[in-house]
Amino acid sequence: MEDAIRLAGDILNSHLEEWRRAGGRIVGYTCVATPREIMDAAGILPYRIRALGKPERELADAYLSRFNCGFCRACLQLGLDGTYDFLDGLVENNGCDHLRGMFEDWQYAKDPAFFHYLRVPHTVSEEALEFFAEELELFREALGRHFQVDISDASLAEAMERSNRTREKLRELFSLREGERPALTGRQAMAVILLESSLPPAVFEDYLARFLEESERNEVRGYRARLLLAGSATDELALVGEIEDVGGLVVSDALCYGTRAFWNLPRLAGDPIHALAEAYLKHLLCPRMFDDYATRLDYVLRTARRARVDGAVLVHNKFCDLHGVENVRLRLDLEEAGIPVLVLEKEYGSGADLGRIRTRIQAFLERIGG
Amino acid sequence: MRFGGIDVGSLTAQAVVVENGRITGSKSIGVRPNPVESAETVLGMLLSELGLRHQDISYIVSTGYGREQVQAKGLAHANVSEISCHGVGAVWLLPGVRTIIDIGGQDAKVIRMDASGELKDFVMNDKCAAGTGRFLEVMCRTLGITLDELGTLSLKARNPVGLSSRCSIFCETEVLHYLQRGTDKADIAASVNRAMAERVAALARRVGVEPEVTMSGGVAKNGAVKSELERILGVRMVPCPVDPQIVGALGAAVLARKMGGER
């Protein structure tokens, strides 16, 4: 598993380089509302953009304000400084306004050969589903046109079947993580998710089989408390490492770089575009959705109970409007349900703040008797 | 049996020894370049004053920013966060206290304790310096006064000025502006203390303020900040019966007694 963490710590890993050498194309996206299967069906590698806690912002700050979320600014920085030049295109969507600003500045500054805006409704209704299905059709057409590839229903069905297999195994692996004797750390689990969205799908399937085999024999020991980690887009392996270093084992999460990316997505079957529209829109557990707070709370509570956590850490980056507000409500509701909560507002990727973060986590563990 | 607590903060370091339920001695110094050196120095000075050796202390707990390094160096047997230590120290001194407002050099915390003396909840400022001792230091430097003078000078204020920003950098600019306009330093000092209190009060409201309330940390010595906090929060602070800066180290010593096995 430690090899996996090292691999997940690279923006451009060796498998991607190999993929590119063989003439493969890679398209970047950020939000979990993006049906990766459409890209996979086109033979394009869907890559979920991440910043991995990198603190540099100087190029991005010329475009985005300092009052934008640090994650978005860090991703933009990596787009502008050439780190992401290996991408053959970008898919923007309206996850939040900070993210849109990030993509549009990237497009303005770098003018990528392929840029597609995939609009995702903010509500779930028959009309919204119909709209989203049309958007997915437009996405399929745009990809096919630009990359000169026919994305047939048959190839989509094949990609969906691969997703089904992967999700099933991910659930199996994460169940081992949540078990009475946790088989992997939160840092390892985050690395698995980061790999899932940065490796050729077939390569990840092989890795996943290996992780499962290793995890069945493994047991994490020596922790003080079992924690749930939830909140805004968090791809910082170092942050999870800090939490675990002071004794809080992250046995489950409700993060979009975590269980929210796969746990509750249904088995994909039937008409591909409609099946994808329904799966992705109906199960999008992000506060960018209107009126769905009860569903999101239910997901967090179920996850917390299933993983038998001693407490929850709700994290958000400074200026993350969506999760900043959501975490206030979540905190009150989780505490009422008997789950102690630590709300951790932080500067994305700030190493200088880690001491203060450690203090808060340690005090929280002391508070919950860990 | 004797128990010790070492608190290495961002600006000062303290050591406390307790024995038979009483404070035997305490020491406070300005920090050295690294936390281990600070801990060695402050503990060494205190032990020397008390005529004791390190091995005469049965169990030591370290706290503050340097807590892990101090333990790793073998100066302490365990480390506990300063949040718990300030809470435990305050309740040990004042059993009726439920809320502790601790303002140190680089952070401010509001700590809630329950009736059994356990940590119930807490809130800590983010990495911004506003609302911490550092904010007051910067303002004092701009005003050309000492930290001690900041509290007493503001008692002479007649027309405190408005400071529109809680950001230390912007606030410094505003203070300069008032100085250039010839505004009385006392009026500016009072406004600085008020700005500080407002910032910390906002933090306190996030966890709720349950009486009795007391203050710990270096800024507790500034009477003007304390009275502004009382006014804004609508509470009377219970005075800390010892130097408020040693409360963290005291809490560590109290926890050392608990962890070290004395009943």
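The values are calculated or read from the model by the stated rules, or taken from the named source; none is laboratory data. Every value quoted in this text rests on a predicted model; they were computed, and no experiment measured them. Positions of Cβ are backbone-derived with ideal geometry, glycine not excepted, and every protein chain shown enters the neighbour counts. Note: accessible area is taken over every heavy atom of the protein model, side chains too, but ligands, DNA and RNA are not part of it. Shrake-Rupley method; radii C 1.70, N 1.55, O 1.52, S 1.80 Å.
Which whole-number percent gives the relative contact order of the range A:227-316, counting Cα pairs below 8 Å spaced six or more residues apart?
Once normalised by length, the contact order is 44 percent.
Looking at the range A:348-370, which residues lose a minimum of 30 Å² of accessible area between their chain alone and all protein chains in place, measuring with a 1.4 Å probe and not counting ligands or nucleic acids?
With the partner chains in place, the range A:348-370 has these residues losing at least 30 Å²: A:R356, A:R358, A:T359, A:R360, A:Q362, A:A363, A:E366, A:R367.
What trypsin sites (Lys or Arg not before Pro) does the range A:154-235 have in DSSP loop regions with at most 13 other beta carbons within 10 Å?
Sites meeting the loop and neighbour criteria: A:R221.
Cut-off 10 angstrom, C-alpha nodes, Gaussian network model of chain A. Which of A:P182, A:P266, A:P287 fluctuates the most?
Highest fluctuation of the listed residues: A:P266.
Spin-label point model (7 Å from Cα, Cβ direction): what's the A:D353 to A:R267 distance in nm?
4.3
Assuming R0 = 41 Å, what is the FRET efficiency of B:A78 and B:N159, from their Cβ-Cβ distance, to the nearest 0.05?
0.20
Could you work out what % of the accessible surface of the range A:318-362 is carbon and sulfur, using a 1.4 angstrom probe and leaving DNA, RNA and ligands out of the count?
That share works out to 57 percent.
Roll a 1.4 Å probe over the protein chains and send me the accessible area per residue for the range B:76-232 in Å².
Per-residue accessible area for the range B:76-232 comes out at 39 Å².
In nm, give the distance between the simple-model label positions of B:K221 and A:R308, each being 7 Å from the Cα along the Cα-to-Cβ direction.
5.1
Between A:D150 and A:A109, what FRET efficiency comes out of the Förster formula 1/(1 + (r/R0)^6) with R0 = 41 Å and r the beta carbon distance, rounded to 0.05? Working shown, then result.
Working: r = 32 Å, r/R0 = 0.79.
Between A:A109 and A:D150 the formula returns 0.80.
To the nearest 10 degrees, how steep is helix A:126-147 against the longest Cα principal axis of chain A, on a 0 to 90 scale?
60
In a GNM of chain B with a 10 Å cut-off on Cα contacts, which of B:I169, B:I60, B:I188 has the highest mean-square fluctuation?
In the Gaussian network model the winner is B:I169.
I'd like the carbon and sulfur percentage of the solvent accessible area for the range A:209-259, probe radius 1.4 Å, heavy atoms only, ligands and nucleic acids excluded.
Whole-percent figure for carbon plus sulfur exposure: 43.
Taking H placed 1.01 Å from N in the peptide plane, check which residues at least 5 places from A:L45 or on another chain put their amide H under 5 Å from its amide H.
Long-range HN contacts for A:L45: A:R25, A:I26, A:V27.
First measure r as the distance between the Cβ atoms of B:L179 and A:D206, then evaluate 1/(1 + (r/R0)^6) with R0 = 51 Å and state the FRET efficiency to the nearest 0.05.
That pair, B:L179 with A:D206, gives E of 0.15.
I'd like the carbon and sulfur percentage of the solvent accessible area for the range A:1-43, probe radius 1.4 Å, heavy atoms only, ligands and nucleic acids excluded.
45
Straight-line reach from B:K109: which lysines have Cα under 21 Å away, leaving out those fewer than 8 places along the same chain?
A:K318, A:K346, B:K120, B:K127, B:K221, B:K226
Quick check for you: with a 1.4 Å probe and neighbouring chains kept, what is the accessible area per residue of chain A, in Å²?
On the way: 14170 Å² over 370 residues.
Per residue, chain A has an accessible area of 38 Å².
What GluC sites (Glu not before Pro) in the range A:190-273 are in a loop by DSSP, with at most 13 other Cβ atoms within 10 Å of the Cβ? Before the final figure, lay out the partial values.
Numbers: sites: A:E196, A:E205, A:E213, A:E214, A:E216, A:E219, A:E236, A:E242, A:E244; in loops: A:E219, A:E236.
Within the range A:190-273, the qualifying GluC sites (Glu not before Pro) (loop, at most 13 other Cβ atoms within 10 Å) are A:E219.
Which value in deg cm²/dmol, rounded to the nearest 500, describes the helix-derived mean residue ellipticity at 222 nm for chain B, given -39,500 (n - 2.57) per DSSP H run of n ≥ 4 and division by the residue count?
-13500 deg cm²/dmol, from helical runs alone.
Please give the helix A:186-196 orientation as an angle from the longest Cα principal axis of chain A, in degrees from 0 to 90, rounded to the nearest 10.
0
When the accessible area of each residue in the range B:69-97 is compared between its chain alone and the complete protein assembly (1.4 Å probe; ligands, DNA and RNA ignored), which residues differ by at least 50 Å², being lower in the assembly?
none
Give me the accessible area buried between chains B and A, both sides summed, with a 1.4 Å probe, in Å² rounded to the nearest 100.
1600
Report, for the protein assembly as shown, the % of DSSP beta bridges that are antiparallel, rounded to 5. Can you show the working numbers first?
On the way: 25 of 67 bridges.
About 35 percent, rounded to the nearest 5.
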